[in-house]
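Enquirer: Right, I'll just put the structure down here and ask away after.
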Protein chains: 2
Amino acid sequence: MTPNVAAAKAALSHLEIEESDAAIKSKSRDFFWYSPVLKDRLDHVVADFVVSPKSEAEVIEILKVCYQHDCPVTTRGAGTGNYGQAMPLAGGCVMHLKHMSAVKEVHPGRVIVEPGCLLKDLDAECIAQSGQEIRMFSSTWATATIGGFIAGGSGGVGSCTWGALRDLGNIIRLRVVTMEEEPRVLEFRGEELARVSHAYGTNGIITEIEMPLAPAYDWVHMFVTCEDFPDAVRFAEDLANEDGILIKLVSVYEAPVAFDYFQRVKPHVDTDANLIGLMVAPHSMDGFETFLARRPEAKLIYRSDASTWERQPGPVFEYGWNHTTLRALKVDPSITYLQVRYADPDQLKLIEQIREEFSPEVLQHLEVMRDGGKVIFAGLSLVKFTTEERLDEIIARHEAVGAMVFNPHRYTLEEGGRQTVDDTQLAFKREADPKGLLNPGKMIAWDDSDWGYERMYAYPGLKAAE
Amino acid sequence: MTPNVAAAKAALSHLEIEESDAAIKSKSRDFFWYSPVLKDRLDHVVADFVVSPKSEAEVIEILKVCYQHDCPVTTRGAGTGNYGQAMPLAGGCVMHLKHMSAVKEVHPGRVIVEPGCLLKDLDAECIAQSGQEIRMFSSTWATATIGGFIAGGSGGVGSCTWGALRDLGNIIRLRVVTMEEEPRVLEFRGEELARVSHAYGTNGIITEIEMPLAPAYDWVHMFVTCEDFPDAVRFAEDLANEDGILIKLVSVYEAPVAFDYFQRVKPHVDTDANLIGLMVAPHSMDGFETFLARRPEAKLIYRSDASTWERQPGPVFEYGWNHTTLRALKVDPSITYLQVRYADPDQLKLIEQIREEFSPEVLQHLEVMRDGGKVIFAGLSLVKFTTEERLDEIIARHEAVGAMVFNPHRYTLEEGGRQTVDDTQLAFKREADPKGLLNPGKMIAWDDSDWGYERMYAYPGLKAAE
């Protein structure tokens, strides 16, 4: 099967096609460079052409034409993923959904939206129409799209209350186009959602999304410090377990993350300050202040509704989730990160064990999540990168003591996930993408069903660097 | 100290005073008769007069006048409590707050309301003004007041998401009038709320309430059956642990409660049916249906948005919490109940242990609550009453195996609670009610600081039956 990319591009020339090499290159990249490993492997990756459909009909046309010409199609939103989700490993076509950004309907508790809508714009429209907002979003809220979040993300700001995107109820419906000789348009609900959510666009293209909404509040953004790191973790866990205090974000940063990497916070902390980032509903602030007063070890240093800071820090969620890594990287380019899941009944002990072994080479950055009804911590630990071998060693030690790692230094679904084949996604790819043209190289199970995960998977179809 | 009730009544004669003996008797009672023990002790209790203030100024006047004349004052809302909360054990004045029912302000996330407002009316006004509703309410929503709920209740419908009334954030502010020579008006927030919430009006009179609100939805009311009781309990627990499915009520009823006591449900179940009552947000119904389909042992027999029943059952919450007992009592007058707290890490095992020992003398009725961030079960077990000795024996066995009982066959705060002195409430009573005139006989610590709880407390000031 030899792709005829030129023929595909020519057949699509009446659509909006990006011509500039610089633009094609920039639209072939995402935030993969958070990982020195992915930077090494994928830095040269570039599409042959970029097309930006304006409607589902155009999406269907692109998929049909590229199917005819065996041309790979990698779909992207804003390209803010960190796992190379949106990078066209085999070249070919990048389909950019930026024009499909309409908020179609807003109802009590739900919204219907096109995938290219920015999270920020989606919230603005939902708030304007109904005083509601989306339950959860990535820290890249200002620049990321809802479709990219669903296809490439797992949770984020709001997950401390609502759990992960994959949890029942956090996506209502997805409309999906297949890449077949005659593309089909399918509507997925319930169990079917798992086929295409968090599948990097490897087995269908999402053209419409129905998501649940929550009430929008003027969240109070706050920073709290603790001298002692375990105190900060306990504060976070206990606050998240307060059923009557409505929260949207609880992040914990080990010292000296705040001092070293958070420029606007630095004047207000010293190097020993462990920081907690918070978003609390305004009508829960009385409850929060009572909670805070019971903990003399915790000091409130910033609240957005009564700030005394000369330079405002901006939204506190832009310090959390993967923005933490971004801020650290800007100061120290040798920083990278891990995604860890601490769900041990005694998760604080597990965190302390890892911290004792690795700090300051690995600095703890924790995000509170709900998982199966319980408060757990997602770790987006900052890692001072030296070598790939050392990074692998650190990951192996995490796993050995019982902390699961979702490795962000891999570009496949399986390696970035639980290192097992997702049968649901694979079965649907067989049906919806029989030629294997959608985002090639991202699903190991498609290319090598016997892969054993002993080493980093290297996609054989990866275009060589020139 | 001899009360001069006649003088107090005369001095208040310009206010709305109830003159009919029948009305005075009925306004001296609550739902204490759920308990055969309380019925035996309190059936004769009656006030000397009933006054219904129209404003905080009139409340102040009543408290000041009654203070001058040493006349006891027992405050009531609708009198739907089950612990004799609103019954004037020492006679004197019953102050009925029915006219103080204004919804003063509705804001995003909160409402300011007078105590005599019915929960139903409060919700209607909040929905009309803002699409919001109160976070939690008792099953007596249609007839109970918000003030009575706060002064005499602990949680209810909505507690499966928001926890108990006492949890931080579930009450924002209370305005309270003291009973002193010159009554003071105080505003309580934070830690201070614990002074007067769930204090039965023994240490101050609430004249204004600020409560958090949640979005109002057209909740889907449902009934689900399981042949196996533990399956039903697991269903309830697992559903409540689904972070993305928004719920307002999850109740579980052991067979044959549904068949024997729920007349409108009876045609649709057999005697072996264990029943689950549910309220789920409409935009969570897709997630709920997915959850349900994973459990073939559970059968959906009713949903309010697509009912096929000839006779509609009404709101499903009117089968839960203490309405269960009410429905059972109507069929079998020998039924009473217990309030149990199952918060064991293996709560299902504890419930089964108790069920094995006592069913069908004690039939399980469970309500899902959040407690410290975890899903626990509150039991409002139905008990086939024989003797007080047997009832005490059943309670003792519950406590012996680790299930805490809040005894609803006692009329004091301590015995209906954790059998310990609440120092916060006691200290505030000393300050706010120096003569001990507010709802006398309800706080043991005030009358007998050395009480040991070996037997049922008998208030020495209880007016004798005539």
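Enquirer: Enter the accessible area of B:ARG327 (Å², nearest 10), with the probe set to 1.4 Å and all protein chains included.
Expert: Its accessible surface works out to 60 Å², give or take rounding.
Enquirer: Distance from a point 7 Å along Cα→Cβ of B:ARG166 to each backbone N in the range A:260-294: keep the residues under 12 Å and list them by number.
Expert: None, by backbone N distance to the label point.
Enquirer: List the distances, in nm and shortest first, from the label point of A:GLU310 to the matching label points in every other copy, placing each point 7 Å from Cα along the Cα-to-Cβ direction.
Expert: Its label point is 8.0 nm from the equivalent points in the other copies.
Enquirer: While we're looking at this one, here's another question. How far is A:ASP21 from the same spot in each other copy, in nm, shortest first, if each label point sits 7 Å from Cα toward Cβ?
Expert: Listed shortest first, these distances are 10.6 nm.
Enquirer: Under a straight-distance cross-link criterion of Cα-Cα below 21 Å, which lysines are reachable from A:LYS374, leaving out those fewer than 8 residues away in the same chain?
Expert: Answer for A:LYS374, where 21 Å is the Cα cut-off: A:LYS248, A:LYS349, B:LYS248, B:LYS349, B:LYS374, listed by chain and number.
Enquirer: Based on the Cα coordinates of the protein assembly as shown, what is the per residue volume of their convex hull in Å³?
Expert: So the per-residue hull volume is 175 Å³.
Enquirer: Additional query: When each copy gets a label point 7 Å from Cα toward the beta-carbon at B:GLU361, what are the spacings between them in nm, shortest first?
Expert: Ordered by distance, the counterparts are at 6.5 nm.
Enquirer: Please turn the phi angles of the range A:250-265 into ³J(HN,Hα) values with the Karplus equation 6.51 cos²θ - 1.76 cosθ + 1.60 (θ = phi - 60°), one per residue in order, whole Hz, x for glycine and proline.
Expert: Rounded to whole hertz, the list is 9, 10, 10, 10, 5, 5, x, 3, 4, 5, 7, 10, 9, 4, 6, 8.
Enquirer: Looking at A:HIS69, B:VAL362, A:LEU338, which one has the Cα that reaches farthest to the positive end of the dipole of the protein assembly as shown (charges on Cβ: Lys, Arg +1; Asp, Glu -1)?
Expert: A:HIS69
Enquirer: Any chance you could check the range A:240-264 for residues losing 40 Å² or more of accessible area when the partner protein chains are in, compared with the chain on its own (1.4 Å probe)?
Expert: Residues meeting the cut-off: A:ASN241, A:ASP243, A:GLY244.
Enquirer: Enumerate the lysines that A:LYS266 could reach by cross-link, defined here as Cα to Cα under 21 Å, with residues fewer than 8 away along the same chain left out.
Expert: Of all the lysines, those that pass the test against A:LYS266 - Cα under 21 Å, at least 8 places apart if same chain - are A:LYS299, A:LYS330, A:LYS384.
Enquirer: Output the relative contact order of the range A:170-222, whole-number percent, from Cα pairs under 8 angstrom with separation of 6+ residues.
Expert: Normalised by residue count, the contact order of the range A:170-222 is 44 percent.
Enquirer: What residues of the range B:338-372 lose no less than 20 Å² of accessible area with every protein chain in place versus their chain by itself (probe 1.4 Å, heavy atoms only)?
Expert: Buried by 20 Å² or more upon assembly, which counts only protein chains, are B:ARG370, B:GLY372.
Enquirer: Mean shadow of the range B:375-458, computed from the convex hull of its alpha carbons, in nm²?
Expert: Result: 7.1 nm².
Enquirer: So for each of B:212-223, A:388-399, B:278-289 I average, over its residues, the number of other beta carbons within 10 Å; can you give me the resulting order with the highest mean first?
Expert: B:278-289, B:212-223, A:388-399
Enquirer: Can I ask one more? Determine the share of the range B:239-282's accessible area contributed by carbon and sulfur atoms, expressed in whole percent, with a 1.4 angstrom probe.
Expert: Result for the range B:239-282: 46 percent of the exposed heavy-atom area is carbon or sulfur.
Enquirer: With a ≥ b ≥ c the root eigenvalues of the C-alpha gyration tensor of the range A:70-143, is it rounded (a/c under 1.5), prolate (a/b larger than b/c) or oblate?
Expert: It comes out prolate by the Cα gyration axes.
Enquirer: Compute the signed sum of charges (Lys and Arg +1, Asp and Glu -1) over the other residues within less than 12 Å, Cβ to Cβ, of B:ASP270.
Expert: Net of charged neighbours comes to -1.
Enquirer: How much accessible surface area, in Å² rounded to 10, belongs to the heavy atoms of A:ILE247 with a 1.4 Å probe?
Expert: Roll a 1.4 Å probe over it and A:ILE247 shows about 10 Å².
Enquirer: Let me ask something else. Determine the shape class of chain A: with a ≥ b ≥ c the square roots of the Cα gyration tensor eigenvalues, call it rounded for a/c under 1.5, and otherwise prolate if a/b is greater than b/c, oblate otherwise.
Expert: prolate
Enquirer: If you don't mind, there's one more thing I want to ask. What percent of all Cα-Cα pairs in the range A:228-377 falls in each 5 Å bin, counting up from 0?
Expert: All Cα pairs considered, the percentages come to 2, 9, 18, 23, 22, 16, 8, 3, 0.
Enquirer: List the cysteines in chain A whose Cβ has no other cysteine Cβ under 4.7 Å from it.
Expert: Cys with no partner Cβ under 4.7 Å: A:CYS93, A:CYS117, A:CYS126, A:CYS160, A:CYS226.
Enquirer: Using modelled amide H (1.01 Å from N, peptide plane; none on Pro or chain starts), what sits under 5 Å from the amide H of B:LEU380, excluding residues fewer than 5 places away?
Expert: B:VAL340, B:HIS365, B:LEU366, B:GLU367
Enquirer: Continuing with this model, one more query. Taking 7 Å along the Cα-to-C-beta vector as the label spot, tell me the A:HIS44-B:GLU388 distance in nanometres, rounded to one decimal.
Expert: 9.1 nm
Enquirer: Determine ³J(HN,Hα), in whole Hz, for all residues of the range B:78-85 in sequence, where each value follows from phi through the Karplus function 6.51 cos²θ - 1.76 cosθ + 1.60 and θ = phi - 60°; x replaces Gly and Pro.
Expert: Using θ = phi - 60°, the values come out as 8, x, 9, x, 10, 9, x, 3 Hz.
Enquirer: With a 1.4 Å probe and every protein chain left in place, work out the accessible area per residue of the range A:124-189 in Å², rounded to a whole number.
Expert: 30 Å²
Enquirer: Next question. Scan chain A for the residue whose Cβ is closest to the axis carrying it onto chain B, then write down that distance in whole angstrom.
Expert: Residue plus distance in Å, as requested: A:PRO215, 2.
Enquirer: Carbon and sulfur: what percent of the range A:103-215's accessible surface (1.4 Å probe)?
Expert: Result for the range A:103-215: 50 percent of the exposed heavy-atom area is carbon or sulfur.
Enquirer: Per residue of the range A:449-460, in order, report the coupling 6.51 cos²θ - 1.76 cosθ + 1.60 (Karplus, θ = phi - 60°) as ³J(HN,Hα) in whole Hz, putting x for Gly and Pro.
Expert: Going residue by residue, I get 6, 9, 4, x, 6, 5, 9, 5, 6, 10, 5, x Hz, with x marking Gly and Pro.
Enquirer: If you don't mind, there's one more thing I want to ask. Could you work out the relative contact order of chain A, using alpha carbon pairs under 8 angstrom and six or more residues apart, expressed as a whole percent?
Expert: 16 percent
Enquirer: Residues of A:279-287, mean number of Cβ from any other protein chain within 10 Å of their own Cβ, rounded to a whole number?
Expert: 6
Enquirer: OK, next. Would you kindly give the portion of the calculated P(r) for the range A:106-248 that falls above 26 Å, as a percent of all Cα pairs?
Expert: 31 percent
Enquirer: Moving on. To the nearest 10 square angstrom, how much accessible area does B:LEU12 have with a 1.4 angstrom probe?
Expert: Estimated to the nearest 10 Å², B:LEU12 gives 0 Å².
Enquirer: I've got another one for you. When we measure straight from the Cα of A:LYS463, which lysines land under 27 angstrom away, once same-chain ones fewer than 8 places off are left out?
Expert: Once the sequence-local lysines are set aside, what remains near A:LYS463 is A:LYS9, A:LYS25, A:LYS27, A:LYS39, A:LYS64, A:LYS98, A:LYS429, A:LYS435, A:LYS442.
Enquirer: Just the number, please: buried accessible area between A and B, total of both chains, 1.4 angstrom probe, nearest 100 square angstrom.
Expert: Roughly 2900 Å².
The values are calculated or read from the model by the stated rules, or taken from the named source; none is laboratory data. Since the structure is predicted, the reported quantities are computational estimates derived from the model, not experimental observations. Cβ sites come from the backbone with ideal geometry, for glycine too, and all protein chains shown count toward neighbours. Note: accessible area is taken over every heavy atom of the protein model, side chains too, but ligands, DNA and RNA are not part of it. Shrake-Rupley method; radii C 1.70, N 1.55, O 1.52, S 1.80 Å.
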